[in-house]
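The numbers here are math on the coordinates, done by the rules we state, and not lab data. Please read these numbers as outputs of a predicted model, since none were measured by experiment. Quick reminder, even Gly has a Cβ in these numbers, built from the backbone with ideal geometry, and neighbours come from all protein chains shown.
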Amino acid sequence: MRAYTPKDNVQAKPYYTDRFYVAPQVPKQAVESDEVFAADLEAIKAKFEVSDAYIQVGQMVVYIHAKDNYGVLELLKDELQYTQLTEMSAIDWLAKENKFEIFYQMLSMNKRKRVRIKMFIENGQAVNSVEKLFRSADWSEREMFDMFGIEANGHPFMKRILMPYDWQGHPLLKTYPLQGDEFAAWYEVDKIYGKEARDIIGPELRDPARVDRYDSDRFARLGHEVPKGTVITGDEPKIEQSYQEEGGVFMIKKFDKESSVVIDDPQR
Amino acid sequence: MAQIKNRLTPFFENISFDREDNELILNFGPQHPSAHGQLRLMLHLQQEQITKAHPDIGYLHRGMEKMAENMIYNEFMPTTDRMDYIASSSNNYGFALAVEKLVGLEVPRRAKVIRMMLLEINRIMSHLFWLATTALDIGAMTVFLFAFREREYLMDIIEGYCGARLTHSAIRIGGVPLDIQDSFLLQLKTFLDKLPQNIKDYEDLLDTNRIWLMRMEEVGHISKELSLSWGCTGPMLRASGTAWDIRKEEPYELYDEVEFSVPFSDKGDNFARYRVYMQEMRESAKILYQTIDMYWACVKNNQTELMAHAPKYISAPKLDIMTQNYSLMQHFVLVTQGMRPPVGEVYVATESPKGELGFYINSQGGPYPYRLKLRAPSFWHTGILTDLLPGHYIPDVVSIIGTTNIVFGEVDR
């Protein structure tokens, strides 16, 4: 049977994949192996439903229900001394199960422990904003909205933060293309000047590495310099080139190596 | 060409400026010399006093997280240089450490010592840059010239090591690519011996300077609660009364073997942050002296390895690649296909000069990370301006932005 490849994943594909390669797992430990984490987990379990919990690379990961996120974070902050929301964002699992995974990375400075609270939401579902608990979530949730299109209920200013306000699409989705399409060259021309101006303005050049060798106005012709604005059609003008290594530097008529000083230590 | 009406309807440009309550909306930036990058602040003003501040970022957004998802792990290393480009080795290190934790690599001791040297040199470079630019914003030209002179020495040392002055890429996943050059320790020691006098010079110029004190003291006060709530880290957090340094609390590399103290202050104003930065430079110098001894101990004990030995993930040393067939094959596979870490996720925080630099990596066993989240400290240090600026006056904005030490390569990623 052919290996399944999601059709809406437009990301770069690995150069080579062994179909029979089974990737190893990063080891997980039971929460009971750490006293502090075990006590924290008990406190969470007493009030909320926990679907999974384990320790991975020294940090506890707890899976909760999406509706409980505010409550769990409030509990962590007020009772369990997790005073900072270090980071939060989402992971796109749309191709696999039409879900987003959201993680909240919490830090307790008193206990010197880090906990990751995770939850799944359906595509199109909004999360409860935790901005009232942690001001840092103000910008994190805006970034999450910007990058994934996940809205936070109760957020005071749910606008894009990194992309322009009039941007369309959410860049970190796996379905978001890595390059613009052929119509992209006209987007801004159409929007600012209107379609009727296409002939006057021409398409936008979207290749940042593009060098036009016949355009002496806007591109330096390294090694083939000509006066600016020279019209070049096909035949390259012959340029005499010489290298210092071959005949020495022409400006220095006489160079006495013995009497010159070489500085080894720039700080002297 | 006929003028055709502009059809763009941007979000903020159509705010009505004629308001009845005399409120003025001032655009501070995005091109402003004291913003240290592309920061646009929309300030609501009553006379000269700010009533509301709205930082607007994203002018330097390059989509690094998206780039990371479409690159092999080693390929992403030079991109991390472009985050906090004032101290790029610390970004390299944060990423390398995250992948090492994910894979479970043990880095050789000599590489660890060299990494610590690079990290602390970067910290001093970054703090010197901070001091220079902030002092310049406030008008102290001399300090700017002094601090840049010293920073130049450090950049020369780094240039001698890796060939680059700003974008180092000096750290690899699994170790460091090169041993330090012969003149490295001598140059470093020369610099460190001079540093206390240099710092004293800056402090002589600033500590009793009336203008400096008026712009710094009791300005930009961040309370402990606010700094915790906004996720502040690094000097921003320590100047507000929380003595939290990841090097001390969750030691990585060999930071548990070196002696240094964590300067902090309860004041929370600009001046407190200035004091913390100055003191941190002294502590970094202390660490660097100890790493020099640690390096000589490595030389003495003949610990010459610089890269971890893990054939599945790390290429063999160059000598092996050139002489042994299997090492060459492995190297070829690792370069063309990239390493495939195990399935799992990791969040690793390191203490960069600006604060907590975290890398969250979710690996699904492929050669590209499935999701990589960069936790850059400056992002929240910019966000806090929303709550910090109201109540201050326009000149204070400059000194507050200065002491938050934000770098936009990191904010926008």
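Structure notes:
- Centre separation in Å (Cα based) which lies between region B:293-314 and region B:323-369: 20 Å
- A crude spin-label estimate for the pair residue B:152 and residue A:168, with each label 7 Å from Cα along the Cβ direction, gives 5.2 nm.
- Helix B:109-138 axis versus longest C-alpha principal axis of chain B: approximately 20°, rounded to the nearest ten.
- For the options B:91, B:74, B:302, a Gaussian network treatment of chain B with springs between C-alpha atoms closer than 10 Å singles out B:302 as fluctuating the most.
- Rh (Kirkwood; distinct C-alpha pairs) - region A:28-153, Å: 14.7 Å
- On the basis of the beta-carbon distance and an R0 of 51 Å, residue A:222 and residue A:110 show a calculated FRET efficiency of 0.25.
- Set of aspartates and glutamates near residue A:159 by C-alpha distance (under 13 Å), chain-local residues within fewer than 8 positions excluded: A:138, A:141, A:143, A:146, A:151, B:56
- Fraction of the pair-distance distribution of the protein assembly as shown above 50 Å, Cα-Cα pairs, percent: 17 percent
- Using alpha-carbon coordinates, inclination of helix B:325-336 to the longest axis of chain B, degrees: 20 degrees
- Restricting region A:145-202 to chymotrypsin sites (Phe, Trp or Tyr not before Pro) in coil, as DSSP defines it, with at most 16 other Cβ within 10 Å: A:157, A:165, A:167, A:183
- Inter-site label distance for residue A:95 and residue B:203 at 7 Å from Cα along Cβ, in nm: 5.7 nm
- Pairs from the list A:77/B:354; A:13/A:96; A:28/B:286; A:132/B:373; A:111/B:373 with a Cα-Cα gap above 27 Å: A:28/B:286.
- Values of log10 I(q)/I(0), in the order q = 0.15, 0.16, 0.20, 0.26 Å⁻¹, for region B:64-154 under a Debye, Cα-only, solvent-free model: -0.69, -0.75, -0.96, -1.24
- Size of region A:187-227 from its Cα atoms: along the principal axes, largest to smallest, the extents are 40, 19, 11 Å.
- Within chain B, the percentage of alpha carbon pairs spaced more than 31 angstrom apart rounds to 42%.
- Taking B:155, B:339 and counting other C-beta atoms within 10 Å, the order from fewest to most: B:155, B:339
- Mean separation of Cα contacts under 8 Å (6+ apart) over length of region B:327-413, as relative contact order %: 22 percent
- Residue pairs, from the table A:45/B:312; A:113/B:189; A:195/B:52; A:45/B:101; A:174/B:318, whose Cα atoms sit over 32 Å apart: A:45/B:312; A:113/B:189; A:195/B:52; A:174/B:318
- Intensity falloff of chain A expressed as log10 I(q)/I(0), Debye formula with alpha-carbon point scatterers, at q = 0.13 Å⁻¹: -0.98
- For the Cα trace of region B:250-300, dividing Rg by the Kirkwood Rh returns an Rg/Rh value of 1.12.
- What the Cα atoms of region B:188-319 give is an Rg and a Dmax of 19.6, 61 Å.
- Label-point gap, in nm, between residue B:336 and residue B:324 - each point 7 angstrom along Cα→Cβ: 2.1 nm
- Looking at region A:168-224, the GluC sites (Glu not before Pro) that sit in a DSSP loop and have at most 12 other Cβ atoms within 10 Å of their own Cβ are A:182, A:204.
- If R0 is taken as 45 Å, the Cβ-Cβ distance between residue A:36 and residue B:67 corresponds to a FRET efficiency of 0.75.
- P(r) histogram, all alpha-carbon pairs of region A:7-86 included - 5 Å bins from 0, percent: 3, 12, 18, 18, 13, 8, 10, 9, 8, 1
- GNM result for chain A, Cα springs below 10 Å: residue of A:118, A:228, A:159 fluctuating most strongly: A:228
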